[in-house]
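Okay, so here's the structure we're looking at.
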Amino acid sequence: MSIRISTRALWQFQTRGYSQIRSFAQLSTPAIPTIKNEPVKPFSHTEPVDWDLLRASLLRYTDNGSLDIPLVINGERIYGKDTSRTIETQINPGKLSQELATVTQASEEDIKLAIDAAKQAKLKWLNTPFVDRAAIFLKAADLISTKYRYDVLATTMLGQGKNVYQAEIDSVTELSDFFRFNVKYAQELYSTQPSETSAGVWNRVEYRPLEGFVYAVTPFNFTAIAANLIGAPALMGNTVVWKPSKYAALSNYLLYTILEEAGLPKGVINFVPGEPVLVTDTVLKDPEFSALHFTGSTKVFKNLYKKISDNVANDIYKDFPRIVGETGGKNFHVIHPSASLLHSALSTIRGAFEYQGQKCSATSILFAPKSIWEDFKTVLIESLNTIKPLNTSQPEGLNGFMGPVIHEASFNKITEAIEQAKNDPELTIISGGEYDKTKGYFIEPTILQTTNPNHPFLKTEFFGPLLTTYVYEDVNFEQILTQVNNNSQYGLTGSIFAKDRDAIRLAEEKLRYSAGNFYINDKSTGAVVGQQWFGGARASGTNDKAGSGNILSRFVSIRAIKENFYEITDFKYPSNYK
């Protein structure tokens, strides 16, 4: 015997059933699990199992041929090989002969479909109880830190040129921290309610997701940043169109599949790799574009800011779109004569050359006092001479400290600067300066010294393993602080190294607007979610502080609700009577 159910009846059943499920979920306000920073695996020589598991994952992505990466729109996979769509390849920047993935590129029609999918998924997703949205991201964090730990490491190492420790603190620990801490911050935000009320009144607020959809533009250098750029708005009930970097497609697609496994519904996040201008221009034309979540270059961000502003002026959008961006930096280490010489020199090596200087927070300029410079320089040079290159194809090469820069354009920009330095009378190469792209985009960690305190290299962002140093007279310490503050258009990160508390206090005050993340006796990189909220102002971005609850507030639109329990019997107030 068969039972026939009309489409309308089925729709009513599903709708009522969904509402009933929602009501069950609202019967309590559960406490979330205790949130702590994910421990970093050090990958020391005493942990052979971790190394064995990592090697197995690396082989999985190198010995089985190139991975075919599709578009994912409304949960449906679209492969370029089956259509006339353009296909790009992602190669290993440390082994140019190794193709890691073929990546389908979105057409204009695909982008419009992704936008429509985000719109269609919105109502159900915003009405999904917070506990259910939170559970998806908490589960994804657990999958990343357990089941897929070595896979996310492998894809980040191979595709983005990171050594194992840099990949660990990025694609495992920071990524997991973002997903978990955002749940904590979201619960705290939702619980922030009006503190005052009147008799017979109930005041409350709700944190609505933005009315339209969010456009996330993610960079190559941090898998964790990609996760946060899509995850933060989605957790708050928004739906997302995601344009990943072509140079991080492998790790980013794995991240997307993990979110699916964690229960992310179709259409909430739409994975749309493609030509950047085409994707962006198509998205920004849509009246329901509600927010840009961006990490990348200052120049690109300014261009997007202008396009959005022009569209606002032309009444394209329903709302004023939120613009959230983290961009470039020209980050400094200022060494005071009282500083610990060894500690400050080794911290400078880490700050400047971890991940080949391809962090927006990387140390790019060094101001060192003349009295300790010769010894300081000796520590720098001797330490740099011990650096081994990363080679993911050889077991012994996995211990390398420095890998390749990400692509040929980056290689050319940095090597042209090195060649320029060789012919500049105001610059001297004191370490490094060699490079080779026969097998991968490898550049030696390079330190320049300039005699000109206003040299352009002290102001230009190279985003690579290039550190420019100026040696100052000890008595000019305060003058150097003024120069650091005034010379840079950026304001992302910076450090002061000193034992003298008066020097530290002076630096902290004079450099107040020079860095959104200011470090005392520590390197300019390495912000930890929940500990050092990250972001800078000036040309470094909108300083909305990833890793804190502040970032979540940018992806909600508050509605204040007043419910009155008293009834009036006259429209007049007491002052209206004699």
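Collect the residues in region 192-224 that are surrounded by fewer than 24 Cβ atoms within 10 Å (Cβ to Cβ) and within 10 Å of the chain's Cα centre (by Cα), keeping them in residue-number order. Matches in region 192-224: PRO219 only. The residues in region 485-503 that are over 26 Å from the mean Cα position of the chain (by Cα) and touching a residue at least 40 places away in the same chain (Cβ under 8 Å) can be counted, and the count is 5. Within region 397-433, restricting attention to residues that are closer than 27 Å to THR89 by Cα and among the charged types (D, E, K, R), the residue that is farthest from the chain's Cα centre (by Cα) is GLU416. Of all residues assigned to region 497-520, none qualifies as being within 15 Å of LYS330 (Cα to Cα), part of a helix (DSSP H, G or I) and assigned by TED's automatic domain parsing to the domain that holds ALA409.
For region 372-392, taking the residues that are of a type in the set (Ser, Thr, Tyr) and surrounded by fewer than 15 Cβ atoms within 10 Å (Cβ to Cβ), the one that is modelled with the lowest pLDDT is identified as THR386. Condition check for LEU448 on (1) surrounded by 17 or more Cβ atoms within 10 Å (Cβ to Cβ); (2) part of a helix (DSSP H, G or I); (3) without any contact (Cβ under 8 Å) to a residue 40 or more places away in the chain: one failure, at (2).
Annotation: of all residues in region 57-74 being of a type outside the set (A, V, I, L, M, F, W, C) and in contact with a helix residue (DSSP H, G or I) (Cβ under 8 Å, 6 or more places away or on another chain), the one that is surrounded by the fewest Cβ atoms within 10 Å (Cβ to Cβ) is ARG60. The condition of being modelled with pLDDT under 95 and either among the aromatic types (Phe, Trp, Tyr) or assigned to a loop (DSSP other than H, G, I, E, B) (or both) holds for only one of GLU211, GLU196, that being GLU196. A search for C-beta distances below 9 Å between a residue of region 411-435 that is modelled with pLDDT of 95 or more and any residue that is of a type in the set (Phe, Trp, Tyr) and part of a loop (DSSP other than H, G, I, E, B), counting only pairs 6+ apart in sequence or on different chains, returns PHE411/TYR441; LYS413/PHE462; LYS413/PHE463; ILE414/PHE462; ILE414/PHE463; ALA417/PHE462; TYR435/TYR441.
Scanning region 236-258 for residues that are crowded, with 24+ Cβ neighbours inside 10 Å and either more than 15 Å from the chain's Cα centre (by Cα) or hydrophobic (A, V, I, L, M, F, W, C) (or both) yields MET236, ASN238, THR239, VAL240, VAL241, TRP242, ALA248, ALA249, LEU250, LEU255. Can you say whether ASN64 is more than 29 Å from the chain's Cα centre (by Cα) and of a type in the set (S, T, N, Q), as far as the supplied structure shows? Yes. Can you say whether LYS139 is outside any helix (DSSP H, G or I) and touching a residue at least 60 places away in the same chain (Cβ under 8 Å), as far as the supplied structure shows? It is false that LYS139 is outside any helix (DSSP H, G or I) and touching a residue at least 60 places away in the same chain (Cβ under 8 Å).
The single residue among ASN454, ASN476, ASN486 that is assigned to a loop (DSSP other than H, G, I, E, B) and closer than 22 Å to ALA507 by Cα turns out to be ASN454. One residue is enough: does region 314-324 have a residue meeting the conditions touching a residue at least 60 places away in the same chain (Cβ under 8 Å), crowded, with 18+ Cβ neighbours inside 10 Å, outside any helix (DSSP H, G or I) and basic (Lys, Arg)? Yes; the residues of region 314-324 include at least one that is touching a residue at least 60 places away in the same chain (Cβ under 8 Å), crowded, with 18+ Cβ neighbours inside 10 Å, outside any helix (DSSP H, G or I) and basic (Lys, Arg). The set of residues in region 515-536 being crowded, with 21+ Cβ neighbours inside 10 Å and among the charged types (D, E, K, R) consists of LYS523 alone.
Tell me yes or no: at least one residue of region 344-361 is loosely packed, with under 15 Cβ neighbours inside 10 Å, farther than 30 Å from ASN238 by Cβ and hydrophobic (A, V, I, L, M, F, W, C). For region 344-361, residues loosely packed, with under 15 Cβ neighbours inside 10 Å, farther than 30 Å from ASN238 by Cβ and hydrophobic (A, V, I, L, M, F, W, C): absent.
Does at least one position in region 461-470 carry a residue that is more than 22 Å from TYR355 (Cα to Cα) and in contact with a helix residue (DSSP H, G or I) (Cβ under 9 Å, 6 or more places away or on another chain)? Taking every residue of region 461-470 in turn, at least one turns out to be more than 22 Å from TYR355 (Cα to Cα) and in contact with a helix residue (DSSP H, G or I) (Cβ under 9 Å, 6 or more places away or on another chain).
Here THR392 qualifies as touching a helix residue (DSSP H, G or I) at 6+ places or on another chain (Cβ under 8 Å), over 21 Å from LEU346 (Cα atoms) and among the β-branched types (Val, Ile, Thr).
Each row is one residue, and each column tells you yes or no for (1) in a helix (DSSP H, G or I); (2) under 25 Å from ALA167 (Cα atoms).
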residue: GLY231; (1), (2): yes, yes
residue: VAL241; (1), (2): no, no
residue: ALA249; (1), (2): yes, yes
residue: GLY267; (1), (2): no, no
residue: VAL279; (1), (2): yes, no
residue: ASP286; (1), (2): no, no
residue: HIS293; (1), (2): no, yes
residue: VAL300; (1), (2): yes, no
residue: LYS307; (1), (2): yes, no
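Yes or no: region 418-430 includes at least one residue that is surrounded by fewer than 13 Cβ atoms within 10 Å (Cβ to Cβ), in the same structural domain as HIS343 (by TED's automatic domain parsing) and aliphatic (A, V, I, L, M). No, region 418-430 contains no residue that is surrounded by fewer than 13 Cβ atoms within 10 Å (Cβ to Cβ), in the same structural domain as HIS343 (by TED's automatic domain parsing) and aliphatic (A, V, I, L, M). Of everything in region 37-56 that is in contact (Cβ under 8 Å) with a residue 60 or more places away in the chain and part of a loop (DSSP other than H, G, I, E, B), the residue that is surrounded by the most Cβ atoms within 10 Å (Cβ to Cβ) is GLU38.
Filter region 455-478 for residues that are surrounded by fewer than 18 Cβ atoms within 10 Å (Cβ to Cβ) and either closer than 20 Å to SER344 by Cβ or of a type in the set (Phe, Trp, Tyr) (or both) and give the result. Once the filter is applied, which keeps residues that are surrounded by fewer than 18 Cβ atoms within 10 Å (Cβ to Cβ) and either closer than 20 Å to SER344 by Cβ or of a type in the set (Phe, Trp, Tyr) (or both), region 455-478 yields GLU473, ASP474, VAL475, ASN476, GLU478. When ALA121 is tested against the conditions (1) farther than 30 Å from PRO389 by Cα; (2) among the small types (Gly, Ala, Ser); (3) touching an Asp or Glu at 6+ places or on another chain (Cβ under 8 Å), the lone failure is (3). Candidates ALA339, ALA352: the one that is within 19 Å of THR468 (Cα to Cα) and either of a type in the set (A, V, I, L, M, F, W, C) or assigned to a loop (DSSP other than H, G, I, E, B) (or both) is ALA352.
The values are calculated or read from the model by the stated rules, or taken from the named source; none is laboratory data. Note that the structure is a prediction, hence the values are computed from the model and not measured. Note that we place each Cβ from the backbone using ideal geometry, even for glycine, and neighbour counts take in every protein chain shown.
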